[in-house]
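K.L.:
Have a look at this one before I ask anything.
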Amino acid sequence: MSQNKIAIRHVDKVFSSQGRQVQALQDVNLDIRANEFVTFVGASGCGKSTLLRSIGGLERHSGGEILVDGRAVNGPGIDRAMVFQHYSLYPWLRVMENIKFCRRLKVVSDTVRGDADVEVASGRADALLNLMGLSAFAQAYPSQLSGGMQQRVAIARALMPKPQILLMDEPFGALDAQTREVMHDLIRHVHRLENSTILFVTHDVEEAIYLGGRVVLMAPRPGRIDSVYEVPLPAERNQDMKMAPEFIALKKEILARIRETSGMSTDLELLEQLTRTAAPV
């Protein structure tokens, strides 16, 4: 059995705002194996992004512990990279310069020992450009690229320092349906090639099932893990699998549970009661 790459133990997160305390995460526990692809779904406010940012070291948890390779997470590290919905590319830098930018950061540049390392890094940048299908756009500026292409640049930049863990927070949320499907197959291909551990937050249950080996469903108020689902699909996937009976059944099960945990089922019942009450006699 694979060793756990990430161990989340009794994690709490409390935000303070205008004298009020909001419990964003409560007693979150989860083990994630090395090279696993885990997706997170749930209603708004369930703490998906907060948990992801905590694992990335961008958010300090209030209680419990998060361990990566047995070491406590106390801040960002070169072993973890994040990709957000908004590409956050530097508009004054060309595509290749954006991808190589992480080499200028101290946490990365401290690992570069000499000319040989710089040469290897340049080769990796070229390889990532090719992998993302962007070789012809190496000298383009972000404003000259489509949304899907900009997101591919952001992913390539995140992969540049060879992170062991890739944290993705709704990275395809702003893309059209056709581009999303292309990106789904691309990120699964990257997962196989890089042997990285990927944690992926999304509101799209179909996306979560297609990408993940496991789907973690979080519930709101306070944010917590409600259920974990094993995805009954092979490692090699194609878009036609979304029509498979087991895929559709799991999608229905997860959607129903999201409605239950978010209180949407109760709200719909109340709406029906109000409609009947207001109906003319």
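K.L.:
Specify whether the C-alpha gyration tensor of the range 1-107 places it in the rounded, prolate or oblate class, a ≥ b ≥ c being the square roots of the eigenvalues: rounded for a/c under 1.5, otherwise prolate if a/b is larger than b/c and oblate if not. Could the numbers behind the result be given before it?
P.N.:
Values: a/c = 1.93, a/b = 1.33, b/c = 1.45.
It is oblate, given that a/c is not under 1.5 and a/b is not larger than b/c.
K.L.:
Report, by chain and number, residues whose modeled amide H sits under 5 Å from the one on Phe37, excluding near sequence neighbours (fewer than 5 apart, same chain).
P.N.:
Under 5 Å from the amide H of Phe37 lie the amide H atoms of Ile198, Gly213, Arg214, each far enough along the sequence or on another chain.
K.L.:
Let me ask something else. Once phi is turned into ³J(HN,Hα) by the Karplus curve 6.51 cos²θ - 1.76 cosθ + 1.60 with θ = phi - 60°, what whole-Hz value does each residue of the range 59-64 show in order, with x for glycine and proline?
P.N.:
With the stated coefficients, the range 59-64 comes to 10, 8, 6, 7, x, x Hz.
K.L.:
For the range 17-106, which chymotrypsin sites (Phe, Trp or Tyr not before Pro) are both in a DSSP coil and crowded by at most 14 other Cβ atoms within 10 Å? Display every interim value, and only then the final one.
P.N.:
Values: sites: Phe37, Phe40, Phe84, Tyr87, Trp92, Phe101; in loops: Tyr87, Trp92.
Sparse-neighbourhood loop chymotrypsin sites (Phe, Trp or Tyr not before Pro): Trp92.
K.L.:
When you take every Cα atom in the chain, what is the radius of gyration, and what is Dmax, the widest Cα pair distance, in Å?
P.N.:
Here Rg and the maximum Cα pair distance are 20.7, 84 Å.
K.L.:
Still on this model: Sequence-distant or interchain residues sharing an amide H contact under 5 Å with Glu59, placed H: which?
P.N.:
Ser54
K.L.:
Let me check I've understood the local charge: for Asp240, count other residues with C-beta under 14 angstrom from its C-beta, Lys and Arg +1, Asp and Glu -1. What total comes out? Please report the intermediate quantities before stating the final value.
P.N.:
Values: positive: Arg237, Lys242; negative: Glu181, Asp185, Glu206, Glu236, Glu246.
Once all neighbours under 14 Å are counted, the net charge is -3.
K.L.:
Under 29 Å Cα to Cα from Lys100, which lysines show up? Leave out anything in the same chain fewer than 8 places away.
P.N.:
Qualifying lysines at Cα under 29 Å: Lys5, Lys162.
K.L.:
So what are the ³J(HN,Hα) numbers for the range 234-244, from phi and the Karplus equation (6.51, -1.76, 1.60; θ = phi - 60°), rounded to whole Hz, Gly and Pro as x?
P.N.:
Rounded to whole hertz, the list is x, 5, 7, 10, 9, 4, 5, 5, 5, 9, 5.
K.L.:
Can you give the helix-only mean residue ellipticity at 222 nm for the chain, where every DSSP H stretch with n ≥ 4 adds -39500 (n - 2.57) and the sum goes over all residues, rounded to the nearest 500 deg cm²/dmol?
P.N.:
Working: 9 runs with 107 residues, N = 281.
Taken over the chain, the calculation gives -12000 deg cm²/dmol.
K.L.:
While we're looking at this one, here's another question. Could you give the DSSP H helices of the chain that reach 20 angstrom or more along their long axis (alpha carbon positions) and whose average Kyte-Doolittle hydropathy is no lower than -0.5? Please report the intermediate quantities before stating the final value.
P.N.:
Numbers: long enough: 115-131 (24 Å, 0.22); 177-194 (25 Å, -0.76); 245-262 (26 Å, -0.16); 264-278 (21 Å, -0.17).
What comes out of the filter, once short or polar helices are dropped, is 115-131, 245-262, 264-278.
K.L.:
Just check the range 172-281 against the gyration tensor rule for me: Cα atoms, a ≥ b ≥ c as the square roots of the eigenvalues, rounded for a/c under 1.5, and otherwise prolate or oblate depending on whether a/b exceeds b/c. Please report the intermediate quantities before stating the final value.
P.N.:
Values: a/c = 2.48, a/b = 2.08, b/c = 1.19.
Prolate.
K.L.:
Rounded, prolate or oblate: which one fits the range 145-221, using the alpha carbon gyration tensor with axes a ≥ b ≥ c (rounded when a/c is under 1.5, else prolate when a/b beats b/c, else oblate)? Can you show the working numbers first?
P.N.:
On the way: a/c = 1.64, a/b = 1.16, b/c = 1.42.
Cα axes put the range 145-221 in the oblate bin.
K.L.:
From the phi of every residue in the range 199-212, what ³J(HN,Hα) in whole Hz does the Karplus formula 6.51 cos²θ - 1.76 cosθ + 1.60 yield, where θ is phi - 60° and glycine or proline is x?
P.N.:
The phi angles translate into 10, 10, 9, 7, 9, 9, 5, 4, 4, 4, 5, 5, 8, x Hz.
FYI, it's all coordinate maths here, none of it is from the lab. This structure is a prediction, so every number in the text was calculated from the model and none was measured. Cβ: placed from backbone, ideal geometry, glycine included. Neighbour counts: every protein chain shown.
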